[in-house]
Amino acid sequence: MVYHRDLLADLNKPLPMKDKVVSIHRSIQKKFLFVSRIAITLYDSETQTLRTYLDSDEDDNPLAHFQSSLDDAPSLKEILARGLPRVVDNLVTFENGLYEHTQRIGRHGYAASYTMPIFHAGVFVGFLFFNSHEKDVFAENILSILDIYGHLIALMIINELSTVKVMGAALKTTSGMVHLRDPETGSHLDRMSRYSRLIAESLADQYQLDDAYIEHIFMFSPLHDIGKISIPDSVLLKPGPLNAEERSIMDTHARAGRELIDDIVDNFGFDSIDHIDILRNIAEFHHEAVNGSGYPSGKMDSEIPLEARIVAVADVFDALTSCRPYKDAWSNEKAFDKLRQLAGEKLDADCVNALIDHQQEVISIQQQFKENTYG
């Protein structure tokens, strides 16, 4: 009897996706040492942008926290148009390229690349990159093996994203089944999720956040108020201010959201989703206040998970600048002034400043995701 050491055994373990990509990279290097980096970008079809998501870099990442319009990456756009992988045997000239991503890659000494488009059921998902510091290394016999690894990585990514999508659908379906309507849907969720990502990107260096963490904040933030499905219509849809009793009922939605997510995760086996605790923390703690006056647990400052502090600022800002049955939309300037007043009391000051420091990006988000009937 002979036992074999499985070089990809880590894929059977409950590890973060980043660690699995690193493990696959190490396995590839057993055969092809010149493959010095693997990276994945995701495509946002609504904004037509590419965003860095995962990579096998354990130290310096040339494209950390980077996003670009697909139109600003014509070589990648051509890959997508052809629907075929592409080999570049010599990337040296990229250092003098017109676009930031090519300049960054060139400055880090990458000399060759193999790029695979990722599709799921015919829908474009993103790109997978194999990079090398050596030129002229991606021969046909090598590509045939890298294709296998590439599709393995792509399937892992697609499975992860699909599971998140299914979980979100399950939560939203649960909401529909109890016939409760949350007035904060539609464009509000599009805007606040992108404000959340904008804040997280701004804080990435300060808090050492990787791209996967940032992306999961974006994916999970629209589910922040899922617990409102437990709130009666008489309270949830009241057009004016809530009285003390009604406010007490409304405040239960944060804990209810966490409990609902726990149930969905347990019942559907979603516990393997990367960063699932980000979702739990957003749902339960996005109404905590840095001075301890929030709910449901009265947490203070750094006791409140960063993802909840980020979403709190994004949610408050969009609520202030949106029309509601009981109020007109505030101007951005007035809303920013209010955020400054709340910073250090109700809201995290770093998160507030991160949003205020990117006012042009905020305006772009507002223009793209304008208020609609449900907004």
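A dipole drawn for the range 1-78 from +1 and -1 charges on Cβ atoms has a positive end, and of His25, Ala39, Ala64 the residue lying farthest that way is His25. Normalised by the number of residues in the range 21-80, the average gap of Cα pairs under 8 Å and 6 or more apart makes the relative contact order 26 percent.
Angle between the Cα long axis of helix 332-342 and the longest principal axis of the chain, 0 to 90 degrees, nearest 10? Helix 332-342 and the main axis of the chain meet at about 80 degrees.
The residues of the range 1-67 expose, per residue, 56 Å² of accessible area to a 1.4 Å probe. The slack in the chain from Asn267 to Ala121, taken as 0.36 nm per residue of separation less the alpha-carbon distance, amounts to 49.9 nm. The ellipsoid that matches the Cα gyration tensor of the chain has semi-axes, each √(5λ) in whole angstrom, of 41, 24, 18, with the longest given first.
Here the spin labels are modelled as points 7 Å beyond Cα on the Cα-Cβ line, and at Ile145 and Arg107 they lie 3.4 nm apart.
Rounded if a/c is under 1.5, else prolate if a/b is larger than b/c, else oblate: which is the range 302-366, with a ≥ b ≥ c the root eigenvalues of its Cα gyration tensor? Taking the square roots of the gyration eigenvalues as a ≥ b ≥ c, the range 302-366 is prolate. Rounded to 0.05, the FRET efficiency of the Gln367 and Ser234 pair, given R0 = 25 Å and the Cβ-Cβ distance, is 0.10. Taking the chain as the reference, fit the longest principal axis to its C-alpha atoms, fit the long axis of helix 17-31 to the helix C-alpha atoms, and give the angle between the two in degrees, 0 to 90, nearest 10. Taking Cα atoms only, the helix is inclined about 0 degrees. Distance between the 7 Å Cα→Cβ label points at Phe32 and Ser293: 5.9 nm. Over the range 222-299, accessible surface divided per residue gives 43 Å², non-protein components excluded, 1.4 Å probe. Over the Cα atoms of the range 1-90, the radius of gyration divided by the Kirkwood radius equals 1.05; this is the Rg/Rh ratio. With viscosity set to 0.692 mPa s and temperature to 37 °C, compute the Stokes-Einstein D of the range 238-357, Rh being the Kirkwood radius across alpha carbon pairs; µm²/s, no decimals. D = 212 µm²/s. What is the distance in Å between the Cα centroid of the range 136-153 and that of the range 22-48? Answer, in whole Å: 11. The value of relative contact order for the range 245-375, using C-alpha pairs under 8 Å at least six residues apart, is 19 percent.
Based on the Stokes-Einstein relation at 25 °C and a viscosity of 0.890 mPa s, and on the Kirkwood radius from alpha carbon pairs, the range 12-51 is assigned a translational diffusion coefficient of 203 µm²/s. Think of it as helices only: each DSSP H run of n ≥ 4 in the chain is worth -39500 (n - 2.57), and spread over all residues that comes to -15000 deg cm²/dmol at 222 nm. Estimated at 0.36 nm per residue, the fully extended path between Arg247 and Ser45 surpasses their Cα-Cα distance by 68.9 nm. Here's how it looks for Phe119: its modeled amide H is under 5 Å from those of Val125, which are all 5 or more places away or on a different chain.
Here the chain has 51 percent of its accessible surface on carbon and sulfur atoms, given a 1.4 Å probe and all protein chains in place. In degrees, nearest 10, range 0 to 90: what is the angle between the Cα axis of helix 276-285 and the longest Cα principal axis of the chain? That works out to roughly 20 degrees.
The values are calculated or read from the model by the stated rules, or taken from the named source; none is laboratory data. These numbers come from a predicted model, not from an experiment. No Cβ is skipped: glycine too gets one built from the backbone with ideal geometry, and neighbour counts run over all protein chains shown. Ligands, DNA and RNA are excluded from the accessible area calculation, which covers all protein heavy atoms including side chains. Shrake-Rupley method; radii C 1.70, N 1.55, O 1.52, S 1.80 Å.
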